[in-house]
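Chemist: One structure coming up, written as structure tokens, with questions to follow.
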Amino acid sequence: MKAKKSETERLSDLSRVSDEGEIYQPPAWAGETGTPSMSVYLKRWKYSVEDPEGFWGELARELVWEKKYEKVLEWNRPHARWFVGGKLNASVQCLDKHLNTPVAEKTALVWIGEPGEKKTLSYRDLYTLVNKLASGLKKLGVKRGDRVAIYMPMLPELPIACLACARIGAIHSVVFAGFAPQSLRDRIDDCGASVVITSDGGWRRGSKMLVKDIVDSAVDGSQTITNVVVVKRGGDVFSHEMKQGRDVYYENLVADGDEFVAPEPMDSEDPLFILYTSGTTGKPKGIFHTHAGYLLGTLVSSREVFDLRDNDIFWCTADIGWITGHSYVIYGPMQNGATQIMYEGAPNYPNPDRFWEIVEQEKVTIFYTAPTAIRAFMSWGDKWIKPRDLSSLRLLGTVGEPINPEVWRWYHKTIGAERCPIVDTWWQTETGSISITPLPGSTPTKPGSATLPFYGIDAVVLDESGAELSEGGGLLAIRKPWPAMMRGIWGDEQRYIDTYWSRWEGKYYFAGDAAYRDKDGYFWIVGRVDDVVNVSGHRIGTAELESAFIEHEAVIEAAVVGVPHKIKGEGLVGFVSLREGEQHTEELAEELREWIAKKIGKFARPERVMFVDDLPKTRSGKIIRRLLRNIATGRELGDVTTLADASTLEKLRQQYQEE
Ligand code: WTA
């Protein structure tokens, strides 16, 4: 019953839901371009969930098969196997497939460095570089099934490295280049990576990021790493050291690499990549995806959700360190032969109009970003946008967290000039591809709603007991398997079952989000119901931060909660109790915020650290985060009957408000 309360409490927080009657119709161009109408979407969706084998089997003809599969789907709850027995390779789908078509000479990437350089790579250029790097990795001894960690800012070599791994059947694990050495090391250890691919540096907001130094600290003493491959970002700009016998330059590998490496024929169900994401324990989960299903899911969703056409200039601003960059910078758009923008740096460098300058210059037609970025643009003011010519834009997208209706409206009006439909796409590292979303030509949209499920996604809202709600608030779940779904947690089979499939006796995939369905059946995502906080669209497990706090010698116990934040969506507040004799000083609070930034990464720096004598606990000793969240958000305390000592809490609340 207790769990139910905290979830229901989140559900009551629906003030962000706009008037359900505020509806934006699909644009006029929708009918002209052959995009499906609403009735076609509904028919296809019905077919996709009633006969997934038929629906996906037809689409799977678009993949290039080395050996055709025998069966579309094998479903042994909670394990799905798609395209059983088939053989194919992801780099072939993204590159080789285009070679004898006009796409070969088409621009694949327009890369823009923060200081202003520009590099243009065609699909053929990418193909050549991927083959050469694949050859270099082979020479280093990387084999099919080996794990390769990639830790790199947004440089063109990042997608090249991923595809080179895929070509030889190695499993890539990209770690966002904002993570601290320890976080990188934990991930390397967990998957047992033998090689790290990195760069000497990168630029961020006018500062040099000494990326190689971070990798050096991370791999120092590693039992598994044999080589570090280093991309030179810009001549000799970024000082770094090369360790003899371990470190090699990417440029040398590529220069000596063969022009052609035969793509490894991978089983449909062989892992393609591992991507770590935060969960409810201190240990991040290595979510892994496999070849065929993931490739098909990203191929089809990119095309349908973004209505991708031959002459589009697509810009997904996500970093490849997160799932959005995997699915909608690398695998989805590249399988579709799209032209993309890739930008290295910060959106406000040198000025807050950097993104709009790029849109104007490169004539971007489709722009996909996160609500946290949109809120930042809003706060910087329209004066940075008005002088820019954004008339090339025809479609806008958002992902990563719920978008507030007023932010949606601003995006629609100021960026989209009331001309561009917005696709608010709900999905997760685990779902692999966009799962709830409008289709631009079909779906009338409502500000703040991700609207309706994508093909193959049988999404439902359930109450605690597992009863389906046709209207109202509950927990978001998915009933049937879909091709791009995760296949497991690396090295921890049981955790996969426990986290995602145990809630309703294995009948549904539990997404970890609360959602609300309105009278039209539209989905409104409310947010996480577990101890995962969404800071600027980055998932952060509070348990991971709490463990990091406790590693500081002054700290005895800590609890971290998320609080609403104007730009970041949510910010973090740490409630910390100190060892005997430690003083509650400003300096220590600051030191602890810095400590977290150093241990986990700057993006996880808490907004505030608050010292407490005792954390509120149940009689059995469990910290009650719900109460801390209420204190941190200035809400009523609510039910305190389970509390061991209720008086500590009132004290805490007063203290929080005074400080
Ligand atoms: C949240 C990012 C509301 C949600 C692709 C989910 C969203 C978590 C939306 C996954 C959206 C993502 N509206 N919430 N359009 N998209 N979320 O794994 O809480 O980094 O569970 O994947 O982000 O985050 P992840």
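Chemist: Using a Cα-Cα cut-off of under 18 Å, which aspartates and glutamates could be cross-linked to LYS71, ignoring same-chain neighbours fewer than 8 residues away?
Modeler: GLU50, ASP51, GLU53, GLU58, GLU62, ASP267, GLU269, ASP270
Chemist: While we're here: Using a 1.4 angstrom probe on the protein heavy atoms only, line up GLU591, GLU570 by accessible area, largest first. Spell out each step's value before the answer.
Modeler: Values: GLU591 95, GLU570 40 Å².
So, going from the largest accessible area down, we get GLU591, GLU570.
Chemist: Given a 1.4 angstrom probe, I'd like the percentage of the accessible area of the chain that is carbon and sulfur, rounded to a whole number. Each step should come with its number before you reach the end.
Modeler: On the way: 12230 of 24620 Å².
Here carbon and sulfur together make up 50 percent of the probe-accessible area.
Chemist: So which of LYS363/LYS383; LYS119/LYS363; LYS283/LYS599; LYS67/LYS138; LYS132/LYS232 end up more than 18 Å apart, counting from Cα to Cα?
Modeler: Beyond 18 Å: LYS363/LYS383; LYS67/LYS138.
Chemist: Based on the mean of other beta carbon atoms within 10 Å per residue, what is the order of 157-170, 195-208, 491-504, most packed first? Show your work: numbers first, answer last.
Modeler: Working: 157-170: 27.4, 195-208: 21.8, 491-504: 15.7.
The most tightly packed comes first, giving 157-170, 195-208, 491-504.
Chemist: Could you tell me the accessible area of ARG605 in Å² (1.4 Å probe, neighbours in place), rounded to the nearest ten?
Modeler: Surface accessible to solvent at ARG605 totals approximately 60 Å².
Chemist: Where in region 542-567 does the label zone of SER217 land, with the point 7 angstrom along Cα→C-beta and an amide N cut-off under 17 Å?
Modeler: 548-549, 551-553
Chemist: As a test, work out the antiparallel percent of DSSP beta bridges whose residues both lie in region 212-297, rounded to the nearest 5.
Modeler: Values: 6 of 9 bridges.
Percentage antiparallel, nearest 5: 65.
Chemist: Kindly state, to the nearest 0.05, the FRET efficiency for ALA255 paired with LYS67, given R0 = 25 Å and r defined as their beta-carbon distance. Intermediate values should be presented prior to the final figure.
Modeler: Details: r = 34 Å, r/R0 = 1.37.
For R0 = 25 Å, the calculated efficiency reads 0.15.
Chemist: Show log10 I(q)/I(0) for region 536-658 at q = 0.17 Å⁻¹, two decimals, from a solvent-free Debye sum over equal Cα scatterers.
Modeler: Cα-only, vacuum Debye calculation for region 536-658: -0.85.
Chemist: Turning to a different aspect of this structure: In the full protein assembly as shown, how much of ASP236 is accessible to a 1.4 Å probe, in Å² to the nearest 10?
Modeler: 130
Chemist: Provide the FRET efficiency to the nearest 0.05 for the ASN351-ASN311 pair, computing r from the beta carbons and using R0 = 22 Å. Mind dumping the intermediate values first?
Modeler: On the way: r = 29 Å, r/R0 = 1.33.
Computed FRET efficiency for ASN351 and ASN311: 0.15.
Chemist: Follow-up. Using only C-alpha positions, report the orientation-averaged shadow area of the convex hull of region 87-346, nm², one decimal. Spell out each step's value before the answer.
Modeler: Details: hull surface 52.9 nm².
Here the figure is 13.2 nm², rounded to one decimal.
Chemist: A further question follows. Looking at the P(r) of region 60-144, how many percent of alpha-carbon pairs lie beyond 23 Å?
Modeler: Values: 1674 of 3570 pairs.
Considering region 60-144, 47 percent of its Cα-Cα pairs are separated by more than 23 Å.
Chemist: Restricting to the chain, compute how many DSSP beta bridges are antiparallel as a %, nearest 5. If you can, show how the numbers build up before the last one.
Modeler: Numbers: 62 of 100 bridges.
Counting only bridges with both partners in the chain, antiparallel ones make up about 60 percent.
Chemist: Nearest-5 percent of antiparallel DSSP beta bridges in region 536-658?
Modeler: 75
Chemist: Going 7 Å from the Cα of LYS46 toward and past its Cβ, which residues in region 462-485 have a backbone nitrogen under 20 Å from where you end up?
Modeler: Within reach of a label on LYS46, which here means backbone N under 20 Å from a point 7 Å along Cα→Cβ, region 462-485 contributes 470-471, 479-480.
Chemist: With a 1.4 Å probe and all protein chains kept in place, how much accessible area does GLU62 have, in Å² rounded to the nearest 10?
Modeler: Here the accessible area works out near 70 Å².
Chemist: Now a separate question. Report the label-to-label distance for ALA467 and THR120 in nanometres (one decimal), using points 7 Å from each Cα along the Cα→Cβ vector.
Modeler: Going by the 7 Å Cα→Cβ label model, 6.2 nm.
Chemist: Please list, or write none, the lysines whose alpha carbon is within less than 19 Å of the alpha carbon of LYS446, excluding same-chain residues fewer than 8 places away.
Modeler: Result set, ordered by chain and number: LYS413, LYS519.
Chemist: Related question: Please quote Rg/Rh for the chain to two decimal places, taking the Kirkwood radius as Rh and restricting both calculations to Cα atoms.
Modeler: Numbers: Rg = 24.2 Å, Rh = 25.5 Å.
Result for the chain is an Rg/Rh of 0.95.
Chemist: Another question, if that's okay. May I ask you to order 527-538, 303-314, 268-279 by the average number of other C-beta atoms within 10 Å around their residues, highest value first? The partial results should precede the final answer.
Modeler: Values: 527-538: 21.2, 303-314: 19.3, 268-279: 23.8.
Peptide ranking by packing, descending: 268-279, 527-538, 303-314.
Chemist: May I pose another question? If the chain between THR281 and GLU607 were fully stretched, how many nm would it gain, using 0.36 nm times the residue separation less the Cα-Cα distance? Walk me through the intermediate numbers first.
Modeler: Numbers: separation 326, 0.36 × 326 = 117.36 nm, distance 2.14 nm.
The span from THR281 to GLU607 would gain 115.2 nm if fully extended.
Chemist: Between SER239 and ARG479, how high is the FRET efficiency from 1/(1 + (r/R0)^6) when r is the Cβ-Cβ distance and R₀ = 60 Å? Nearest 0.05.
Modeler: Values: r = 54 Å, r/R0 = 0.90.
It comes to 0.65.
Chemist: Then there is this: For region 87-346, with every protein chain kept in place, what is the accessible area per residue (1.4 Å probe, Å²)?
Modeler: That works out to 30 Å² per residue.
Chemist: Quick one: which of 317-326, 375-384 comes out on top by average Cβ neighbours within 10 Å, and what's the full order, highest first? List each step's numbers first, then the result.
Modeler: Details: 317-326: 23.0, 375-384: 15.6.
In descending order of packing, they fall as 317-326, 375-384.
The values are calculated or read from the model by the stated rules, or taken from the named source; none is laboratory data. Computed from a prediction, not measured in an experiment: that's the story for all the values here. Glycine gets a Cβ as well: all are built from the backbone with ideal geometry, and neighbour counts include every protein chain shown. Heavy atoms of the whole protein, side chains included, go into the accessibility calculation; ligands, DNA and RNA do not. Shrake-Rupley method; radii C 1.70, N 1.55, O 1.52, S 1.80 Å.
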